[in-house]
Amino acid sequence: MQIDFLYWGSVIGIVVISYFLSFIARRILTRIIRKKSENLKEDPTKFVFLKNSASFIIFTIALIIIFLITPALNDLGKGLFAGAGILAATIGFASQKAFSNILSGIFILIFKPFSVQDTIEIKSDALKGVVEEITLRHTVIRDYENRRIVIPNSLISETTLLNSSMTDEKIRKHVDFGISYDSDVDLARKIIEEEIMKHPNFVDNRTEEELEQEQAPVQMRLVSLGDFAVTIRAYAWTNSNNEAFALQCDVFDSVKKRFDKEGIEIPFPYRTLVFKNKPEKID
């Protein structure tokens, strides 16, 4: 019995190379997963399947090559791979959404548009909350009513996100106040500035240059002359989105009381009704 050393050498070489490539791929993926998991504050065991998938792909390619170089298995291999192709197409079609979610989860893991504990807002659905968990299939957001919103990763990857925690968590909150045309605008500005600066969440975010120029700690602009109100907008800095919301609510309350005390009117629409008497009939 003659042994084909070239053939068996090729088979052994393919197996050894496949094992080596699998080992290298798993080592590289382990480092990447560990680093990204720390950034996302996630358990790295959730991503173990990525390493296993890399090994599976490498050994599958090696098996295909062995089938192709083995004449006795060539026809059998074509039949098996044809059947496997049909099965794979069927399964792929059925699990298209699931695969899309997993692929989107991998992209979130790699590109990090947000991380766990980030405050994000999904503009299309007006959903806002803190990211509590990121899995390969979905992202869990805890909203401000302590409810959990579970969003498939494929959907969250296709929408516009507002991330309040990326890079810098500081927020410049825009707080609008409407006063009547008869009210003193300068006095209203003074009251608003004092009440914002008294709030514990207020942060003086002026640069050294702005301090030298003696710019006000709370910038204000008269932004509109409406049908029945003059709108003053105050720009107040806070350390986070939650602090900004608390400051806005508290300042609305304190400014309203100061306005009432110092004669600044907060207007509301007036409606004038005119009644006309019906002329009497003359016989």
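The values are calculated or read from the model by the stated rules, or taken from the named source; none is laboratory data. What you see is a predicted model, and the numbers here were worked out from it, not measured in a lab. Using ideal geometry, Cβ is built from the backbone for each residue, glycine included, and neighbour counts are taken over all protein chains shown.
When restricted to residues that are under 30 Å from Gly105 (Cβ atoms), exposed (fewer than 15 other Cβ atoms within 10 Å of the Cβ) and out of contact with any Asp or Glu (no Cβ under 9 Å at 6 or more places or on another chain), the range 161-192 contains 2. When Val223, Val218, Val251 are screened for being surrounded by fewer than 14 Cβ atoms within 10 Å (Cβ to Cβ), under 20 Å from Ser183 (Cβ atoms), within 32 Å of the chain's Cα centre (by Cα) and of a type outside the set (S, T, N, Q), only Val223 passes. Filter the range 174-231 for residues that are assigned to a strand (DSSP E or B) and of a type in the set (A, V, I, L, M); which is nearest to Phe259 (Cα to Cα)? The qualifying residue nearest to Phe259 (Cα to Cα) is Ile179. For the range 161-173, the set of residues classified as of a type in the set (S, T, N, Q) and either touching a Gly at 6+ places or on another chain (Cβ under 6 Å) or in a strand (DSSP E or B) (or both) consists of Asn163 only. Residue count for the range 34-56 under the criterion of being at pLDDT below 70 and either assigned to a helix (DSSP H, G or I) or at positive phi (or both): the result is 16.
Of the residues making up the range 175-192, not a single one is free of Cβ contacts under 8 Å to residues at least 24 places away in the same chain and at positive phi. Apart from one condition, Ala236 fits all of (1) farther than 27 Å from Asp143 by Cβ; (2) among the aliphatic types (A, V, I, L, M); (3) within 33 Å of the chain's Cα centre (by Cα); the exception is (1).
Is at least one residue of the range 193-200 farther than 30 Å from Asp143 by Cα, more than 30 Å from the chain's Cα centre (by Cα) and exposed (fewer than 13 other Cβ atoms within 10 Å of the Cβ)? No.
Report whether or not Glu158 is acidic (Asp, Glu), over 24 Å from Gly105 (Cα atoms) and assigned to a loop (DSSP other than H, G, I, E, B).
So Glu158 fails the test.
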